[in-house]
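Asker: This is the structure I have questions about; it appears just below.
Read-outs throughout are calculated quantities, based only on the coordinates presented, and are distinct from any laboratory measurement. If you're wondering where the values come from, they're calculated on a predicted model, not measured in any experiment. With ideal geometry, Cβ positions are generated from the backbone for all residues, glycine too; neighbour counts draw on all protein chains shown.
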Amino acid sequence: MRSTIVASLVVLTGCGQMMMTMADAGVPELTCDPAVTTPVTLSATVQAQIFDKQCKSCHNAFDASNGDYSDAARTAAAVAKSSKVAPGLKVLEPNNLGKSVLWLKLINRKGPAGEAVGGVMPPGGALPADQQKLVKDWICTGGT
């Protein structure tokens, strides 16, 4: 009888975790587009189109406390780190939007366990949809 109860609890716990994973996979903002197969690279597109125009005026060598995005090498170093605002998460987790604080801030969403990641970036409002897609595709194709 005891082993049946333990086995039932194990099965129920496993199903709960599986259901959470399935639910997370259905959230469009946190789901990578499988049709995007060509890697989007930082230096070729994302730095010039996003970070140079939207980020580096605040995130630069003068105040790198929240990451220096002033050029591709510094951006790559900044996004490879663990997040200061959400311990346990990385600034950018390759191929994982839900665990990438950078992405969560761009879409103004909490982390997977309800972690607060700070306010939306850039301050004052979200990036346009085409720029969000570029960042999303960059993260989903490896974040390099």
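Asker: Quickly work out the T41-to-A76 label distance, labels modelled 7 Å from Cα along the C-beta direction, and quote it in nm with one decimal.
Answerer: Those two pseudo-labels are separated by 0.9 nm.
Asker: Additional query: What is the fewest-to-most order of K81, K136 by other Cβ atoms lying within 10 Å of their Cβ?
Answerer: Fewest-to-most ranking of K81, K136: K81, K136.
Asker: Follow-up question, since we're still on this one. Taking 0.36 nm per intervening residue step and subtracting the Cα-Cα distance, what contour gain separates S57 from E115 on full extension?
Answerer: 18.2 nm
Asker: Let me ask something else. Among residues other than D130 whose Cβ falls under 13 Å from its Cβ, what is the net charge (Lys/Arg +1, Asp/Glu -1)?
Answerer: Here the charged neighbours net out to +2.
Asker: Sticking with this structure for a sec: When Lys and Arg each count +1 and Asp and Glu each count -1, what net charge do the other residues less than 10 Å away from T75, Cβ to Cβ, add up to?
Answerer: Local charge sum for T75: -1.
Asker: Here is a further query. Name the chymotrypsin sites (Phe, Trp or Tyr not before Pro) in the stretch 48-99 that are in a loop by DSSP and that have at most 10 other C-beta atoms within 10 Å, would you?
Answerer: Passing both the DSSP loop test and the Cβ count: F62.
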